[in-house]
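Undergrad: Dropping a structure here in structure tokens format, bear with me for questions.
The numbers here are math on the coordinates, done by the rules we state, and not lab data. All of these numbers come straight from a predicted model, not from anything done at the bench. Here the Cβ positions follow ideal geometry from the backbone for every residue, glycine too, while neighbour counts run over all protein chains shown.
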Amino acid sequence: MNTAQANTVLLTADGTPLKVSLARAQRRSKIIAFSMVAPLLIFITIAFLVPITDMLLLSGNNEIVQRILPKTVEVLQSWDETSGELPDEIVFAAMVDDIKKAKAAREHTKIGQRLNYESSGFSSLFRKAGRKVKKIKKPPYKEALIKSDKRWGKIETWQVVKQFSGQFTDGYYLAAIDFKRNPSTGNIDSLPSKDSIYLKLFLRTMLLSTLITFLTFIIGFPISYLLATIPTRISNTLIIFVLLPFWTSLLVRTTSWIALLQQEGVINDFLILVGLIGEDGRLAMIHNATGTVVAMTHILLPFMILPMFSVMKTIPPSFMRAAISLGAHPWRAFWRIYFPNTVAGIGAGSILVFIIAIGYYITPALVGGSSGTFISNRIAYHISQSLNWGLGSALGVILLGIVLAFFVLYDRIVGIDNMKLG
Amino acid sequence: MSSLPSYLSLPERIWHYVFLGICAAILFFLIFPLLVIAPLSFNAVPFFTFTKEMLAFDPAGFSLKWYEEFFTSLNWQGAVRNSIIIAFFATIISTSLGTLAALGLSRPHMPYRTLLMSLLISPMIVPLIISAAGMFFFYSRIGLQGTHLGVILAHAVLGTPFVVITVTATLTGFDNNLIRASQSLGATPTTTFFKVIVPLITPGVISGALFAFVTSFDEVVVVLFVGSYKQRTIPWQMFSGIREQISPTILSAATLLILITIALLTTLELLRRRTERIRGVTPS
Amino acid sequence: MKNFMRAMMAGAVMAVIGFAGQAMATELVVVSWGGAYTASQQGAYHAPYMKKNPGIKIINDDSAGTAVAKLRAMAQAGNVTWDLIDVVAADAMRLCDEGLVEVINHDSDLAAAPDGTPASKDFGDLIVSECFVPQIVYSTTFGYRTDKVSKPMTSICDVFDTNTFPGKRSLQKSPLGNMEWALICDGVAPAKIYDVLGTSAGADRALAKLDSIKSDVVWWTAGAQTPQLLADGEVVVGSTYNGRLFSLIAEEKQPVAMLWDWQVFDLDGWVVPKGTKNKAEVMKFLKFATDTQRLADQSKFISYGPARASSAPLVGKHGKLGIDMAPHMPTDPNNAKTTILTNYEFWADNKDDLDAKFNAWLLK
């Protein structure tokens, strides 16, 4: 019996079956491989992925209302906001009490700021209430509060408080796609077209990014072809022309485009010198979409050239020669033989450029004027200026979603394993 | 390239020269904006325009004062120092972790390779403003905002994808038989690592490290959010104070940076030639 | 490569040592706007104070532009690394609202005027928030290229008149100021501006007026852009902070003149962040830096009006140019014939809303 088994199962030198031994070796190999990746994975997770997720949560966070107005939120639940009547005395009493406590902790204006995002006027309403509530010592609170500011006597005021009293809110996301929740009905309405911002900005960001990607392709293709087909000795020198701008500070390149493109800048002066335009015909090439497109095309060009170049380098010149010697016209040989081989590089470059372009911020801010700014500019504005961190995060999450979609596409077409940086 | 094959027809020859002309124009487009920086950094007035005096080569139109400011101001000195410290440590972290991970990823039998790779290079894919915002919120909560460590970690994160990609690229097509051969000849894993693997991946590691270094050295969005005055880097310094004054000092800083970049690129190119010589690959 | 790495390593080590060797004196980190403005504070406040107090070292952090968000983040982290912050009044109110800055007792914390008037009276109405120590009155106003217009510009409405004054104009990419000016030039009585602007129709009216020059506008986001644009000849007229225009005209000798009509007054001053590690030292410095003489001294360097009534008579000549500064102050009676004082309460309520409307309009 034993010998029979030994005949069918191959054993290694120490007597374990080969299959088991192989599996064990493979498992060990997997563990070793994984433990080599683990440190970086842990690092990236803690230092990068957690912060990004954290921001995602911020965009839906609304705990501030319940934290600062705990009693009011509780008693407001029993109020029917569609009844057409003001809440009862008990709600007013709770509000006065909550504001008193918030005032002591200097938090009453925070809640005003939060609700002001949903309905203008709450900022001053709560600031004023903070000044007045200390005088309201005894019931009826309802009358006293309305006397301090007649806005407390409006049903809409209370509808807004109730509508946005949940732990979580979709308010920031709605705002990020130009929608608004009607406080009285709870319905979601789209903003009138004249007031819509973000959808237009997203669309513009995508359109300009596509244009920039296309331009970098058109400009980058010949140069990549040249670099890939000339002797390495020369191409190694010429590639410095690509790498030097790649490694020069973004701010500096943007500044230099300002000097070049402005009305009294180098290019306009040159065009006048050669007589192409007159002194009155100076072109407006900056502080508009043109400025953004030109400067960004220049800045992103290396990201297109390097992947295309590295793919083209691997195409043997004999392919073209064979096609031509078999009678194909050089154009036809190029189009039917060479070009299809470069598609992987074009795909890599295009999606890389597109993904980077779509998230651009500094260059559009400096040269974009009003028609050349991107969605990232608004995100930065909400984070560092308006302090509406919820809306900034919501916009960020949507942008991230778009970019990830393109990244998946990239992986499908090119495969991330094939990403090369020259 | 200089001598065209004799079988080409006239239109093909013309096309060939037109093509070279187009390429020359593109190379010009790439490099010209950098050439504009240098003369403007000698401007006597604090604006980014070529003044009449400059165009007439009148010495009154030129000045070294922006360089003087760059070399004497405490803000700029601190910026240079911080840039070097932050880029240096960020590069060390991203290069060591990135190289190790790339080696792991390139081993046979690596599970979930694509998923892991996607996660590891995600800092390159996520738009900078989102990375900056996310790290700003989170780092401020755990007390890393406005610290050198915070900026170093943030920059290390941004640099790792470059290292992972370049090192992985040098390992694609790596013949695992080389390792087996080395081991069967009696080498310990450590010896194998240093004698076989290290020489092979060195070019990838160096170029990845340079990418990581330059990423940190040039990065402005994340440092504006995660950093503070004490972590001011050169780009931070270029960008701050922009409300009050856009000073041509940033152009003198830029000119010096371009010179450093050229020096780095030359080093890299010489290094690459050296590796090729060692490997016995002669440039054609 | 080895040499390169070694050089890098040596550089980094030296940098670390240099870094450690610095922290001997008490360092006060003062956040301000950079450029000429920080230079004026350095000359009027920091340098004399450091001379009197050798144990104090004042460090300028030029990041006031992002200070509000940064301070919020620092406070969350419990790691406030700033000691004194220069902010505009609206931001001071917001920081005070959020409880991120200290409440100031203006009379006991600050120096009285030379004649004994308590500080709260000397600053008067300019104390717009209990956390705020006003420093200067500045205005957002216009400068125009004298060589590119057919006749001098005298009225704010000349900015909207592209027939008489063709060419680009630069305006701030923000509803503040622009909407007020648009309404004034659309015939709204100046006293009624904020009543009109508070309504949806009023905001549309302001935007419709701005629409008439929209294609000729270059929008700026940093105060330094307009001087740059004027010097480059990119625009014929542009708004910015009056001090930036002064240095463009008086120091850089550019062919630019002031258009003071309906300048928008705003205040800039100090707030003390909660959680500063040098509270006692910074309060001493604050008392020094906001006394009557110091505020007057700042105007030697930059043309912003001192916030104390008692400083006005002491305004003298420019430190380097030797010209009289009084006529260049936004508060000078000749310049301040028509002015708008920013309505902080109104903007606190309506900034988000009008800002969204304004940006939607920009996109159209």
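Undergrad: Rounded, prolate or oblate: which fits the range A:178-321, taking a ≥ b ≥ c as square roots of the Cα gyration tensor eigenvalues, rounded meaning a/c under 1.5, else prolate when a/b beats b/c? Please list the in-between numbers first.
TA: Numbers: a/c = 2.97, a/b = 1.49, b/c = 1.99.
Oblate, because a/c is 1.5 or more while a/b does not exceed b/c.
Undergrad: Using the Karplus curve 6.51 cos²θ - 1.76 cosθ + 1.60 with θ = phi - 60°, what ³J(HN,Hα) values do you get for each residue of the range C:155-168, in whole Hz, with x for Gly and Pro?
TA: Listing the rounded values in order: 10, 4, 6, 4, 5, 8, 9, 7, 6, 6, 10, x, x, 7 Hz.
Undergrad: Placing one identical point scatterer on every Cα of the range C:229-351 and ignoring solvent, what is log10 I(q)/I(0) from the Debye formula at q = 0.17 Å⁻¹?
TA: Once normalised to I(0) and log-transformed, intensities are -1.02.
Undergrad: Counting Lys and Arg as +1 and Asp and Glu as -1, what is the net charge of the other residues whose Cβ lies under 12 Å from the Cβ of C:Glu281? Please list the in-between numbers first.
TA: Details: positive: C:Lys57, C:Lys277, C:Lys279, C:Lys284, C:Lys287; negative: C:Glu27, C:Asp83.
Overall, the nearby charge balance is +3.
Undergrad: As a footprinting exposure proxy, order C:Tyr37, A:Tyr117 by other Cβ within 10 Å, with the fewest listed first. The partial results should precede the final answer.
TA: Numbers: C:Tyr37 29, A:Tyr117 21.
So the ranking, lowest neighbour count to highest, is A:Tyr117, C:Tyr37.
Undergrad: Show me, for the range C:111-119, the HN-Hα J-couplings you get by feeding each phi into the Karplus relation (A = 6.51, B = -1.76, C = 1.60, θ = phi - 60°), rounded to Hz, glycine and proline as x.
TA: 6, 6, 5, x, 8, x, 4, x, 4
Undergrad: Here's something else I'd like to know. What share of all Cα pairs of the range B:10-61, in percent, falls into each consecutive 5 Å distance bin?
TA: 5, 17, 17, 12, 11, 10, 9, 8, 6, 4, 1
Undergrad: So if R0 is 51 Å, what FRET efficiency would A:Thr185 and A:Thr45 give, r being the distance between their Cβ atoms, rounded to the nearest 0.05? Can you show the working numbers first?
TA: Working: r = 43 Å, r/R0 = 0.85.
Working from the Cβ atoms, E equals 0.75.
Undergrad: What nm distance separates the two modelled labels at A:Asp88 and C:Ala257, each placed 7 Å from Cα along Cα→Cβ?
TA: Here the answer is 7.2 nm between the modelled labels.
Undergrad: Further, regarding this structure: Per residue and in cubic angstrom, what volume does the convex hull of the Cα atoms of the range A:176-256 have?
TA: Working: hull volume 12.4 nm³, N = 81.
About 153 Å³ per residue, rounded to a whole number.
Undergrad: Can you list the residues, at least 5 places off or on another chain, whose amide H is less than 5 Å from the amide H of B:Asn43, using H built in the peptide plane?
TA: Here the answer is B:Ser63, since their amide H atoms fall under 5 Å of that of B:Asn43.
Undergrad: While we're here: Arranged by the count of other C-beta atoms within 10 angstrom, fewest first, what order do C:Asp266, C:Asp122, C:Asp107, A:Asp54 take?
TA: On the way: C:Asp266 21, C:Asp122 27, C:Asp107 12, A:Asp54 16.
Ranking C:Asp266, C:Asp122, C:Asp107, A:Asp54 by Cβ neighbours within 10 Å, fewest first, gives C:Asp107, A:Asp54, C:Asp266, C:Asp122.
Undergrad: Once you have the Kirkwood Rh of the range A:2-58 from its Cα pairs, apply Stokes-Einstein at 10 °C and 1.306 mPa s and quote D in µm²/s. Don't skip to the end; give the middle numbers.
TA: On the way: Rh = 14.8 Å.
D, rounded to a whole number, is 107 µm²/s.
Undergrad: Just name one of A:Tyr338, A:Phe319, A:Met296: the one whose Cα is farthest towards the positive end of the charge dipole of chain A (beta-carbon charges, Lys/Arg +1, Asp/Glu -1).
TA: A:Met296
Undergrad: Given the Cα atoms of the range B:27-161, and with Rh set as the inverse mean 1/r over their pairs in the Kirkwood sense, what is Rg to Rh to two decimals? Write out the running numbers ahead of the final one.
TA: On the way: Rg = 21.9 Å, Rh = 19.0 Å.
My calculation of the ratio gives 1.15.
Undergrad: How high is the relative contact order of chain A, in percent, with contacts defined as C-alpha pairs under 8 Å that are six or more residues apart?
TA: Values: 466 pairs, mean separation 65.7, N = 422.
Relative contact order here is 16 percent.
Undergrad: With the dipole of chain C worked out from charges on the C-beta (+1 for Lys and Arg, -1 for Asp and Glu) around the Cα centre, which of C:Ala201, C:Thr141, C:Met179 lies farthest toward the positive end?
TA: C:Thr141
Undergrad: While we're looking at this one, here's another question. Rounded to the nearest 20 Debye, what is the dipole magnitude of the protein assembly as shown about its Cα centre when Lys and Arg each give +1 and Asp and Glu each give -1 at the C-beta?
TA: Numbers: 94 positive and 78 negative charges, 640 e Å.
Taking the Cα centre of the protein assembly as shown as origin, the dipole is about 3080 debye.
Undergrad: I need the shape label for the range C:149-253. Rule: rounded when a/c is under 1.5, else prolate if a/b > b/c, else oblate, with a, b, c from the alpha carbon gyration tensor. Intermediate results must be reported in sequence, preceding the final value.
TA: Values: a/c = 1.98, a/b = 1.71, b/c = 1.16.
The shape class here is prolate.
Undergrad: Compute the relative contact order of the range A:198-418 as a whole-number percentage, counting only Cα pairs closer than 8 Å that sit 6 or more residues apart in sequence.
TA: Values: 244 pairs, mean separation 58.4, N = 221.
Taking the mean separation of contacting Cα pairs over the length of the range A:198-418, I get 26 percent.
Undergrad: Residues with amide H under 5 Å of C:Val31's amide H, sequence separation 5 or more or different chain, H placed in the peptide plane at 1.01 Å from N; which?
TA: Amide H neighbours of C:Val31, under 5 Å, 5+ apart: C:Asp61, C:Asp83, C:Leu84, C:Ile85, C:Asp86.
Undergrad: Please say if chain B is rounded, prolate or oblate, where rounded means a/c under 1.5 for a ≥ b ≥ c the square roots of the C-alpha gyration tensor eigenvalues, and otherwise the choice is prolate for a/b larger than b/c and oblate otherwise?
TA: Values: a/c = 2.24, a/b = 1.21, b/c = 1.86.
Oblate, because a/c is 1.5 or more while a/b does not exceed b/c.
Undergrad: With charges set only on the Cβ (+1 for Lys and Arg, -1 for Asp and Glu), what does the dipole of chain C come to about its Cα centre, in debye to the nearest 20? Kindly include the intermediate steps, with their values, before the conclusion.
TA: Working: 35 positive and 41 negative charges, 240 e Å.
The dipole magnitude comes to about 1160 debye.
Undergrad: Moving on. Quick one: if you stick a label point 7 Å off each Cα along the C-beta vector at A:Arg412 and B:Thr172, how many nm between them?
TA: 2.1
Undergrad: Moving on to the next point. Per DSSP helix of 4 or more residues, -39500 (n - 2.57); summed, then divided by the residues of chain A. What does that give at 222 nm, rounded to the nearest 500? Each step should come with its number before you reach the end.
TA: Numbers: 23 runs with 278 residues, N = 422.
Calculated from helices alone, the mean residue ellipticity at 222 nm is -20500 deg cm²/dmol.
Undergrad: Same structure, new question: What order do you get for C:Met93, B:Met238, C:Met50 when you list them from fewest to most C-beta neighbours inside 10 Å? Walk me through the numbers before you get to the answer.
TA: Numbers: C:Met93 23, B:Met238 26, C:Met50 17.
Arranged by neighbour count, lowest to highest, C:Met93, B:Met238, C:Met50 become C:Met50, C:Met93, B:Met238.
Undergrad: Could I ask something else about it? If I model a spin label as a point 7 Å beyond the Cα along the Cα-Cβ vector, how far apart are those points for A:Ser21 and B:Ser118 in nm?
TA: 3.9
Undergrad: To continue, here is another question. Taking N as the number of residues in the range C:41-104, what value does Rg over Cα atoms divided by 2.2 N^0.38 Å take?
TA: On the way: Rg = 13.4 Å, N = 64, 2.2 N^0.38 = 10.7 Å.
Rg over 2.2 N^0.38 Å, computed on Cα atoms: 1.26.
Undergrad: Taking +1 at the Cβ of each Lys and Arg and -1 at the Cβ of each Asp and Glu, which of A:Ile64, A:Ala228, A:Ala259 sits farthest along the dipole of chain A towards its positive end, judged by Cα position relative to the Cα centre?
TA: Going by the charge dipole, the pick is A:Ile64.
Undergrad: A follow-up question, please. Where nothing but the Cβ of Lys and Arg (+1) and of Asp and Glu (-1) is charged, how large is the charge dipole of the range C:226-343 around its Cα centre, in debye to the nearest 20? Kindly include the intermediate steps, with their values, before the conclusion.
TA: Details: 13 positive and 12 negative charges, 138 e Å.
That gives a dipole near 660 debye.
Undergrad: Under 5 Å between amide hydrogens, which residues at least 5 positions from C:Val218 or on another chain qualify, with H placed 1.01 Å from N in the peptide plane?
TA: Placed amide hydrogens put C:Arg169, C:Ser170, C:Leu171 under 5 Å from C:Val218.
Undergrad: So how many Å³ per residue does the convex hull of the Cα atoms of chain A work out to? Show your work: numbers first, answer last.
TA: On the way: hull volume 130.4 nm³, N = 422.
Convex hull of Cα atoms, per residue: 309 Å³.
Undergrad: While we're looking at this one, here's another question. Given only helices, namely DSSP H runs of n ≥ 4 each adding -39500 (n - 2.57), what is the per-residue ellipticity at 222 nm of chain B, to the nearest 500 deg cm²/dmol?
TA: On the way: 13 runs with 202 residues, N = 284.
Taken over chain B, the calculation gives -23500 deg cm²/dmol.
Undergrad: Using the alpha-carbon centroid of each, what span in Å lies between the range A:79-121 and the range A:125-141?
TA: Distance between centres, Cα-based: 11 Å.
Undergrad: OK, next. Three principal axis extents, largest first, for the C-alpha atoms of the protein assembly as shown, in Å?
TA: Here the spans come out as 102, 86, 61 Å, largest first.
Undergrad: So, one more: Apply the Debye scattering formula to chain C, with a single equal point scatterer on each alpha-carbon and no solvent, then give log10 I(q)/I(0) at q = 0.08, 0.13 Å⁻¹.
TA: These q points yield log10 I(q)/I(0) values of -0.45, -1.08.
Undergrad: Another one. Report, in degrees rounded to the nearest 10, the 0 to 90 angle that the Cα long axis of helix C:200-211 makes with the longest principal axis of chain C.
TA: 80
Undergrad: What is the Rg over Rh value, at two decimals, for the range A:63-195, using alpha-carbon atoms and the Kirkwood definition of Rh?
TA: Values: Rg = 14.6 Å, Rh = 15.1 Å.
Rounded to two decimals, Rg over Rh is 0.96.
Undergrad: In whole Hz and in residue order, list the ³J(HN,Hα) couplings for the range A:85-97 that follow from phi through the Karplus curve 6.51 cos²θ - 1.76 cosθ + 1.60, θ = phi - 60°; x for Gly and Pro.
TA: So the Karplus estimates, Gly and Pro as x, are 10, 5, x, 6, 3, 4, 5, 4, 4, 5, 5, 4, 5 Hz.
Undergrad: Cα convex hull of the range B:75-240: mean projected area in nm², to one decimal? Can you show the working numbers first?
TA: Numbers: hull surface 42.3 nm².
In nm², the orientation-averaged hull projection of the range B:75-240 is 10.6.
Undergrad: Cα-based Rg of the range A:344-422 per 2.2 N^0.38 Å, rounded to two decimals? Write down the numbers at each step before the final one.
TA: Working: Rg = 14.8 Å, N = 79, 2.2 N^0.38 = 11.6 Å.
Compared with the compact-globule rule of thumb, the range A:344-422 sits at 1.28.
Undergrad: Starting from the alpha-carbon convex hull of the range A:198-418, give the projected area averaged over all orientations, in nm².
TA: Numbers: hull surface 62.2 nm².
For the range A:198-418, averaging the hull's shadow over all directions gives 15.5 nm².
Undergrad: Same structure again: Give the distance, in whole Å, between the Cα centre of the range B:8-31 and the Cα centre of the range B:115-150.
TA: If you average the Cα positions of each part, the centres end up 44 Å apart.
Undergrad: Here is a follow-up. Taking the Cα atoms of the range C:120-180, report the difference between the largest and smallest coordinate on each principal axis, in whole Å and largest first.
TA: 48, 22, 15
Undergrad: Continuing with this model, one more query. Could you give the spread of the C-alpha atoms of the range B:192-268 along their three principal axes, from largest to smallest, in whole angstroms?
TA: 58, 28, 16
Undergrad: Hey, what number do you get for chain C at 222 nm if only DSSP H runs of n ≥ 4 count, each worth -39500 (n - 2.57), divided across all residues, to the nearest 500?
TA: Numbers: 15 runs with 137 residues, N = 364.
Counting only the DSSP helices, I get -10500 deg cm²/dmol.
Undergrad: How shielded is B:190-200 by partner chains, expressed as the average number of their Cβ atoms within 10 Å of its Cβ atoms?
TA: Partner-chain Cβ atoms within 10 Å, mean over residues of B:190-200: 0.
Undergrad: Continuing with the same structure: Given an 8 Å cut-off on Cα distances and at least 6 residues of separation, report the relative contact order of chain B as a percent.
TA: Numbers: 296 pairs, mean separation 77.4, N = 284.
Rounded, it is 27 percent for chain B.
Undergrad: Step by step: find N for the range B:43-90, compute 2.2 N^0.38 Å, then divide the Cα radius of gyration by it. What's the final number? Please list the in-between numbers first.
TA: On the way: Rg = 15.5 Å, N = 48, 2.2 N^0.38 = 9.6 Å.
Its radius of gyration relative to the 2.2 N^0.38 Å reference: 1.62.
Undergrad: Cα centroids of the range C:121-189 and the range A:307-381: how far apart, whole angstrom?
TA: 47
Undergrad: Of the candidates A:Asn268, A:Asn388, A:Asn61, which one comes out as most mobile in a Gaussian network treatment of chain A with C-alpha springs shorter than 10 Å?
TA: Result for chain A, Cα springs under 10 Å: A:Asn268 fluctuates most.
Undergrad: What does a probe at A:Asp195 reach in the range C:192-235, counting residues whose amide N is under 13 Å from the point 7 Å along Cα→Cβ?
TA: Zone members listed by number: C:199-204.
Undergrad: Give me the net charge for the shell around B:Gly104: Cβ to Cβ below 13 angstrom, other residues only, Lys and Arg +1, Asp and Glu -1.
TA: Numbers: positive: A:Lys30, B:Arg107, B:Arg113; negative: none.
For residues surrounding B:Gly104, the net value is +3.
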